[in-house]
1. Output the number of the condition that residue 57 fails; it satisfies all remaining conditions of (1) in contact with a Cys (Cβ under 9 Å, 6 or more places away or on another chain); (2) in contact (Cβ under 8 Å) with a residue 40 or more places away in the chain.
2. Has segment 104-111 got any residue that is open to solvent by 20 Å² or more (accessible area, probe 1.4 Å) and over 23 Å from residue 46 (Cα atoms)?
3. Going residue by residue through segment 43-58, is there one that turns out to be closer than 20 Å to residue 130 by Cα, open to solvent by 60 Å² or more (accessible area, probe 1.4 Å), touching a strand residue (DSSP E or B) at 6+ places or on another chain (Cβ under 8 Å) and not in a loop (DSSP other than H, G, I, E, B)?
4. Do you know which residues across segment 1-13 are open to solvent by 60 Å² or more (accessible area, probe 1.4 Å) and either farther than 14 Å from residue 141 by Cβ or of a type in the set (Ser, Thr, Tyr) (or both)?
5. Considering only segment 59-103, state which residues are of a type in the set (Asp, Glu) and open to solvent by less than 40 Å² (accessible area, probe 1.4 Å).
6. Consider segment 111-149. How many of its residues are of a type outside the set (A, V, I, L, M, F, W, C), free of Cβ contacts under 8 Å to residues at least 60 places away in the same chain and closer than 25 Å to residue 34 by Cα?
7. Surrounded by fewer than 16 Cβ atoms within 10 Å (Cβ to Cβ) and in contact with a helix residue (DSSP H, G or I) (Cβ under 6 Å, 6 or more places away or on another chain): does that describe residue 116?
8. Sort through 39, 9, 13 and tell me the only one that's more than 18 Å from residue 148 (Cβ to Cβ) and of a type outside the set (Lys, Arg).
Amino acid sequence: MIFVSHSVPVNEPGAPCLDRAAVWEGLVRKANNALPFVPAMSDCAVVAEYEDGSFDRDIRIRSDSFRERITLEEPHRVVFTRLSGPVLGTIANEIDGDGDDMQLRFSFALVLVGIPGSSEAEETYARTMTADYLQAITATRDAMRRLATADAA
């Protein structure tokens, strides 16, 4: 099983300042269409919506296709549960703290279908996936800043 959790500060000197509502809006936008937020993703489409507010989406990352169930836990967490694809598990995007101390945290616990844990294949995939997710967290924060600046204009 692959476990990773990483946080970045939301507000930094010289960058547009975001409040919790703006960060939450960014996470909701990312949940619905991750393409502006996740550089490694090439497709993202909502395919089903449920009465409780959750929804399913089909995504493509590199050459792999997945279906995810998205659960919005307003105003602090979005959970992505992999329902199908070659890598299953759970991903969480969370808002921690407030104001200058606010952090955006991405965590995941994933397994490669049919690949033994702690194998060389899992470790190789984990390195690539970890790099993609570290890139995604900063790309998400930067996209939120761009959206907030554009919305204010």
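The values are calculated or read from the model by the stated rules, or taken from the named source; none is laboratory data. Given the structure is predicted, the values throughout are model-derived calculations rather than measurements. With ideal geometry, Cβ positions are generated from the backbone for all residues, glycine too; neighbour counts draw on all protein chains shown. Accessible surface is based on the protein model in full, side chains and every heavy atom, while ligands, DNA and RNA are left aside. Shrake-Rupley method; radii C 1.70, N 1.55, O 1.52, S 1.80 Å.
1. (2)
2. The answer is yes; a qualifying residue exists.
3. yes
4. Result: 1, 3, 5, 13.
5. Hits for segment 59-103 are 68, 94.
6. Matching residues across segment 111-149 total 5.
7. It is false that residue 116 is surrounded by fewer than 16 Cβ atoms within 10 Å (Cβ to Cβ) and in contact with a helix residue (DSSP H, G or I) (Cβ under 6 Å, 6 or more places away or on another chain).
8. Among 39, 9, 13, only 39 is more than 18 Å from residue 148 (Cβ to Cβ) and of a type outside the set (Lys, Arg).
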